[in-house]
Ligand code: NAD
């Protein structure tokens, strides 16, 4: 049902973004990939998805503008690229704060402002932002990430109100813990910050609030993104849809 639509998914060389790119492609969308990674693996993904890949660093305004110029006019914009750093606030590396806020929040501002004119012209558009359970609730040692994701929720709601008359929706999808490199990579720092073993981090920190006691799968997040692109979802806008095993119900 997405034939003739072009979807840009930021941070789509790995994890959730890759699952979203695959799911949108499976529905017929033309996909534009973005993100870092091994050159050969990216070439294989391009071939698999018949996709363009724009290699831009979205922590900078110039990178965001380069991405949007390279991607062309997009009908579906998925702001998904993100990164994490785990540290107590008093030791939080200042440059990590800057880059996390730049990637997880400011990049979505730049891509959205550049994507909206075409969507308005076409009278149809979908803006889907991968937020997080941490856009709704906090947990310690993730000050930059939690601040950026809460901000992304605010940006999404604002954009939703502005673009609603033009057939465009803007929503967040907020996963709990999804088993991807982003989660795997934070285990050592969390072990150190909290003085726990790997097993304790998984059971007592990561999954402690997910009532299902299961990691979310990237394909489950992608399925929500596909739904949001359907015409039946035209009145779903400004929402922040949890896929978190019940984490944020408390
Ligand atoms: P991931 O690390 O597997 O993928 C991140 C993607 O972003 C990769 O393609 C990477 O190359 C790209 N990226 C990183 N820095 C970039 C930059 N400067 N410019 C452009 N691209 C860049 O992570 P993931 O778990 O799939 O996370 C995707 C999104 O989902 C993120 O926004 C993350 O915050 C969010 N999220 C993840 C989880 C989880 O548990 N994994 C939970 C909630 C929200």
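The values are calculated or read from the model by the stated rules, or taken from the named source; none is laboratory data. Just so it is clear, the structure is predicted and the values come from calculations on it, not from any experiment. Here the Cβ positions follow ideal geometry from the backbone for every residue, glycine too, while neighbour counts run over all protein chains shown.
Which number in (1) in contact (Cβ under 8 Å) with a residue 60 or more places away in the chain; (2) more than 13 Å from residue 225 (Cβ to Cβ); (3) under 17 Å from the mean Cα position of the chain (by Cα) marks the one condition that residue 1 misses?
The single condition residue 1 does not satisfy is (3).
Looking only at residues that are more than 14 Å from the ligand (Cβ to nearest atom) and surrounded by 21 or more Cβ atoms within 10 Å (Cβ to Cβ) in region 117-135, which one is nearest to residue 87 (Cα to Cα)?
Per the criteria, the residue is 127.
Residues in region 149-182 that are in contact with a helix residue (DSSP H, G or I) (Cβ under 7 Å, 6 or more places away or on another chain) and within 24 Å of residue 217 (Cβ to Cβ): how many?
14
Just to be sure, is residue 114 without any contact (Cβ under 8 Å) to a residue 60 or more places away in the chain, more than 18 Å from residue 225 (Cα to Cα), in contact with a strand residue (DSSP E or B) (Cβ under 6 Å, 6 or more places away or on another chain) and more than 14 Å from the ligand (Cβ to nearest atom)? Break it down into steps so the answer makes sense when it comes.
Values: without any contact (Cβ under 8 Å) to a residue 60 or more places away in the chain: yes; more than 18 Å from residue 225 (Cα to Cα): yes; in contact with a strand residue (DSSP E or B) (Cβ under 6 Å, 6 or more places away or on another chain): no; more than 14 Å from the ligand (Cβ to nearest atom): yes.
No; evaluated as a whole, the condition is false for this residue.
Kindly indicate which of 73, 138 is in contact with a helix residue (DSSP H, G or I) (Cβ under 6 Å, 6 or more places away or on another chain), surrounded by fewer than 23 Cβ atoms within 10 Å (Cβ to Cβ) and over 30 Å from residue 192 (Cα atoms).
Details: 138 fails: over 30 Å from residue 192 (Cα atoms).
The match here is 73.
Out of 63, 35, I need the residue that is touching a helix residue (DSSP H, G or I) at 6+ places or on another chain (Cβ under 9 Å) and on the phi > 0 side of the Ramachandran plot. Which one? First the steps, then the outcome.
Numbers: 63 fails: on the phi > 0 side of the Ramachandran plot.
One residue alone meets the criteria, 35.
Can residue 108 be described as within 15 Å of the ligand (Cβ to nearest atom), within 20 Å of residue 18 (Cα to Cα) and crowded, with 18+ Cβ neighbours inside 10 Å?
Working: within 15 Å of the ligand (Cβ to nearest atom): yes; within 20 Å of residue 18 (Cα to Cα): yes; crowded, with 18+ Cβ neighbours inside 10 Å: yes.
Criteria met by residue 108.
Specify the residue that is nearest to the ligand (Cβ to nearest atom); the eligible residues are those in region 158-172 that are assigned to a helix (DSSP H, G or I) and buried (at least 16 other Cβ atoms within 10 Å of the Cβ).
So in region 158-172, the residues assigned to a helix (DSSP H, G or I) come out as 158-166.
Imposing the further condition that a residue be buried (at least 16 other Cβ atoms within 10 Å of the Cβ) reduces the set to 159-160, 163.
Numbers: 159: 17, 160: 19, 163: 21 Å.
Among those that are assigned to a helix (DSSP H, G or I) and buried (at least 16 other Cβ atoms within 10 Å of the Cβ), it is 159.
Is there a residue being in a helix (DSSP H, G or I), under 26 Å from residue 114 (Cβ atoms) and under 14 Å from the mean Cα position of the chain (by Cα) anywhere in region 173-184? Before the answer, list the steps.
Quick first cut of region 173-184, residues in a helix (DSSP H, G or I) only: 181-184.
Filter once more, keeping what is under 26 Å from residue 114 (Cβ atoms): 182.
Next cut, under 14 Å from the mean Cα position of the chain (by Cα) only: 182.
Looking for residues that are in a helix (DSSP H, G or I), under 26 Å from residue 114 (Cβ atoms) and under 14 Å from the mean Cα position of the chain (by Cα), one finds at least one in region 173-184, hence yes.
Given (1) within 22 Å of residue 14 (Cβ to Cβ); (2) buried (at least 19 other Cβ atoms within 10 Å of the Cβ); (3) modelled with pLDDT of 95 or more, identify the lone condition not met by residue 180.
With respect to (1) within 22 Å of residue 14 (Cβ to Cβ); (2) buried (at least 19 other Cβ atoms within 10 Å of the Cβ); (3) modelled with pLDDT of 95 or more, residue 180 is out only on (3).
Scan region 218-228 and give yes if some residue there is within 21 Å of residue 108 (Cβ to Cβ), more than 15 Å from the chain's Cα centre (by Cα) and in a helix (DSSP H, G or I), otherwise no.
Within region 218-228, the first condition is being within 21 Å of residue 108 (Cβ to Cβ), and the residues that meet it are 218, 221-222, 224-228.
Retained after the next criterion (residues that are more than 15 Å from the chain's Cα centre (by Cα)): 227.
Applying the additional criterion that residues be in a helix (DSSP H, G or I) yields 227.
So far as region 218-228 goes, yes, one or more of its residues are within 21 Å of residue 108 (Cβ to Cβ), more than 15 Å from the chain's Cα centre (by Cα) and in a helix (DSSP H, G or I).
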